[in-house]
């Protein structure tokens with residue numbers, strides 16, 4: 001039995017090593033220098049984090065003035081002085097608040113710049129790896145647990161998503177922590193573990209809707225472990241009550257937000273979706289861990305589930321988490337994206353490490369080797385097998401390079417224009433480009449300062465997912481009249497958009513700015529890089545001459 005101080009010290013070392021490794025992978029993908037364009041949601045996550053940060057920052061002013069008006073102004077979407085009117089990329093409500101509260105805590109301690117936020121993502125990845133280490137240490141030993149934790153940080157799907165500002169890694173931290181707490185409750189029947197499960201499950205749901213899969217995980221683990229008598233324990237129901245108290249009100253109030261905003265590809269669960277989703281998500285999970293780790297996972301399931309040991313609750317919860325995440329994604333028509341299986345990866349890797357431990361035991365008990373060489377040779381073999389497994393996973397599905405740039409100079413140019421302080425900037429791009437520009441401007445601005453208006457909202461009509469795009473104005477004259485009423489001071493037009501993302505309003509605005517030179521003056525331009533590919537067409541900033549307003 002290891003003492004608590006020593007166990008904490010070792011876990012801290014693993015955290016630091018995992019953080020350093022995550023930092024190296026981020027450098028490899030280009031995350032430290034890239035703008036927030038790695039996923040269409042990335043910029044919205046960052047800007048929403050700024051929104052929550054600034055809302056919390058307004059509380060001291062409310063206390064000093066003994067009035068809630070500063071906070072009300074900040075959060076009111078219809079107030080011209082509110083945050084959303086200045087930086088219209090806030091999605092709180094569509095997404096729960098926990099991720100943004102974590103971002104705010106980090107940015108109050110450090111700062112809200114790009115590198116700071118990316119390092120927060122590395123810290124979350126390291127926290128997930130440390131959870132895996134502590135879960136495995138008693139099962140497979142410190143060395144295997146440590147290399148398993150580092151392997152988790154190196155899986156390509158996880159690398160890709162902690163190189164972006166996305167909620168998946170934090171969701172995995174809470175969900176895996178909840179599964180581990182539930183497993184300890186099944187084994188030791190301590191009330192504190194059931195209550196901890198309730199808190200972590202509530203936090204998971206308040207981070208991302210995927211956390212609702214824990215509602216399936218808990219009873220499934222109970223069945224796998226055969227702990228039926230726990231149904232009579234008040235602590236178990238107390239944990240469920242805690243989850244309901246933490247996540248219930250928000251989930252109920254915003255229960256239709258994602259579906260109504262276009263986040264679902266179907267309005268309700270259906271067999272048509274599920275029959276496509278089942279092979280998709282099973283395939284993505286297999287691809288995420290690679291063929292070697294998948295084979296080890298199967299061995300681990302055989303050893304820990306089909307032939308359970310003395311602590312089946314620990315492993316029953318891990319197996320139930322994998323099944324629950326897959327079942328949730330197969331049932332809920334939220335789309336087809338590999339990132340939805342990230343919450344299952346730590347538990348899946350637990351079983352892969354159990355399979356690797358079985359391989360180590362086979363080497364250690366081999367009679368063909370000298371007794372003194374068996375243990376070090378076994379560890380060396382396990383390390384090589386795990387490294388080969390991670391390498392094959394990268395070969396099969398390498399993380400996308402995160403090299404997006406070009407909108408930061410546009411944001412700086414817009415902020416350097418004195419007119420931006422009093423007149424809005426109109427940004428014309430696809431969803432990714434709009435988000436990159438707004439996030440770069442909000443990052444640099446003395447918030448709330450500049451006002452940004454999105455062409456996709458003001459000049460075009462479409463649903464939240466960008467479907468059915470059409471222009472609101474029949475001709476250039478109508479558009480100019482609207483711009484005069486809106487007092488537009490400058491226009492950023494992005495000509496680098498992919499053709500399939502280009503709408504009629506883009507062509508209309510680009511044609512207007514290029515043809516009506518008496519109204520629009522080209523002030524600056526910037527080359528655009530999307531996913532590491534430079535575009536032959538730049539983004540341009542046009543200043544609107546006074547005669548246009």
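Each reported figure results from applying straightforward, stated rules to the coordinates on display, with no laboratory input. All figures in this text were calculated on a predicted structure; none of them were measured in a lab. Don't worry about glycine lacking a Cβ; one is built from the backbone with ideal geometry, like all the others, and counts go over all protein chains shown.
Approximating the spin labels as points 7 Å out from Cα along Cα→Cβ, the residue 476-to-residue 422 distance works out to 2.8 nm. Here the label points at residue 143 and residue 302, each 7 Å from Cα along the C-beta direction, are separated by 2.4 nm in the simple model. Sorting 108, 174 from the fewest to the most surrounding beta carbons within 10 angstrom yields 108, 174.
Placing a label point 7 Å from the Cα of residue 108 along the Cα-to-Cβ line, the residues of the stretch 40-80 whose backbone N sits under 11 Å from it are 53-60. Principal axis extents of the Cα atoms in the stretch 42-185, from largest to smallest and rounded to whole angstrom, are 57, 32, 27.
The ranking of 274, 104, 34, 536 by Cβ neighbour count inside 10 Å, starting from the fewest, reads 536, 274, 104, 34. Beta bridges from DSSP with both residues in the chain: antiparallel share about 65 percent, rounded to the nearest 5. Between helix 371-396 and the chain there is an angle of about 30 degrees, using the helix long axis and the longest principal axis of the Cα atoms. Ordering of 296-306, 142-152, 413-423 by packing is 142-152, 296-306, 413-423, highest average first (other Cβ atoms within 10 Å, averaged per residue). Here the simple spin-label model places points 7 Å from the Cα toward Cβ, and for residue 78 and residue 192 these points are separated by 5.0 nm. Look at 166, 353 and count the other Cβ atoms within 10 Å of each Cβ; fewest to most, that gives 166, 353. Residue ranges 181-191, 19-29 sort as 181-191, 19-29 when ordered by packing (mean number of other C-beta atoms within 10 Å per residue, highest first). Given R0 = 41 Å, the distance between the Cβ atoms of residue 295 and residue 62 translates into a calculated FRET efficiency of 0.10. Under conditions of 37 °C and 0.692 mPa s, the stretch 407-548 yields 218 µm² s⁻¹ as its translational diffusion coefficient, taking Rh as the Kirkwood radius over Cα pairs in the Stokes-Einstein equation. In terms of its Cα atoms, the chain spans 89, 51, 49 Å along the principal axes, sorted from long to short. For the stretch 403-549, the antiparallel share of DSSP beta bridges with both residues in that region comes to about 70%.
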